[in-house]
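Visitor: Here you go, one structure.
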Amino acid sequence: MKRRNFLKACLIGGTTIAMGKTNKGWASGSFEGYPESMGVLVDTTRCIGCRSCEAACNKEQKLPEPDTSFDDKSVFEEPRRPTAKAYTVVNQYEKEKPGGPVYRKVQCNHCNEPACLTSCFVNAYTKTKEGAVIYNSKVCVGCRNCMIACPFNVPGYDYESVTNPVIKKCILCYDTRLKVGKPPACVDICPQEALTFGHRADLIKIAHERIRSNPDRYLDHVYGEKEVGGTSWLYLSGTEFDKIGFDPSLSNDPIISNVKDFLGMVPMVLSIWPALFSGIHLLSKHESGGEGHDTESKEEEP
């Protein structure tokens, strides 16, 4: 194969893979999502920071023991994010606020149109009819596009094994609970009923009814109802959302609508360059008589 034809084939093949794999699920404008899916309503005014949800998640998902006990309140000194060893964490905010600090549970929000799914060119993610965004480690190649794409900075990467790249995140207890109609372990354990499990559409109605019934307690906003196309985890708060770790600048459009052009190039580059460098190496060996030592390549005849 002549060098020019080889490069052309790489470009066409890589572009085809990129367009074929990454366009799936892209959308623009308002996104209605999965109206029959389940979800969880988090009432941050009820959370007391007991971290029972963290312990329940750890047990249900068989995660490693935490570095510090679940009773250790020193973890609130700095904001945390989910990791490969902790699918959910509770952070403390507004420590000097009259009436005590505000606590917020953080985990995968299970977006209606997940950026992690649409950015993954090997289709390692699935959005289930129950609302969970689940992950298949068997097809993951460790590119971490999903970590870049996630608007909530959630997926964690397991750095323990260089030969087995794995992304770790909350899966809404899909395998052990959700698909058989049970609520996630964190919901079951909450002593303050700060977490309410149910159909997403019903949870939205419950949230707005709480706001109407007690306007002095809650902001008139349900975070996750519309942000980035909507999420399965919904939040109520009496404190401005930007003060408890939320990004108030997210639009109602799915995040992938804003980054699809950039992300579309990633799988193309990953597809082209390995083949390109391998081809150049093979061509160099062929033109040097197969010896494998460094020689200058002959100029291609016109």
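Visitor: Working out 0.36 nm times the residue gap between Lys62 and Lys129, then minus their Cα-Cα distance, what length gain in nm do you get to one decimal?
Guide: On the way: separation 67, 0.36 × 67 = 24.12 nm, distance 2.47 nm.
Contour length minus the Cα-Cα distance gives 21.6 nm.
Visitor: Moving on. Which residues in the range 44-64 place their backbone N less than 20 Å from a point set 7 Å from the Cα of Phe70 along the Cα-to-Cβ direction?
Guide: Only 44, 46-64 fall inside the zone, counting backbone N under 20 Å.
Visitor: Length gain on complete extension for the stretch Glu193 to Glu225, per 0.36 nm per residue less the alpha carbon to alpha carbon distance?
Guide: Values: separation 32, 0.36 × 32 = 11.52 nm, distance 2.01 nm.
Value of the extension gain: 9.5 nm.
Visitor: Work out, step by step, the length gained on full extension between Ile211 and Asp242: first 0.36 nm times the residue separation, then minus their alpha carbon distance; give nm to one decimal. Kindly include the intermediate steps, with their values, before the conclusion.
Guide: Working: separation 31, 0.36 × 31 = 11.16 nm, distance 1.86 nm.
My answer for the length gained is 9.3 nm.
Visitor: Another question about this same structure. Calculate the FRET efficiency for Tyr157 and Glu77 from the Cβ-Cβ distance with a Förster distance of 22 Å, rounded to the nearest 0.05. If you can, show how the numbers build up before the last one.
Guide: Working: r = 24 Å, r/R0 = 1.10.
The pair Tyr157/Glu77 has a calculated efficiency of 0.35.
Throughout, read-outs are computed from the coordinates displayed, never taken from laboratory work. None of the values given here were measured: they were computed from a predicted structure. FYI the Cβ positions are ideal-geometry reconstructions off the backbone, even for glycines, and counts take in every protein chain you see.
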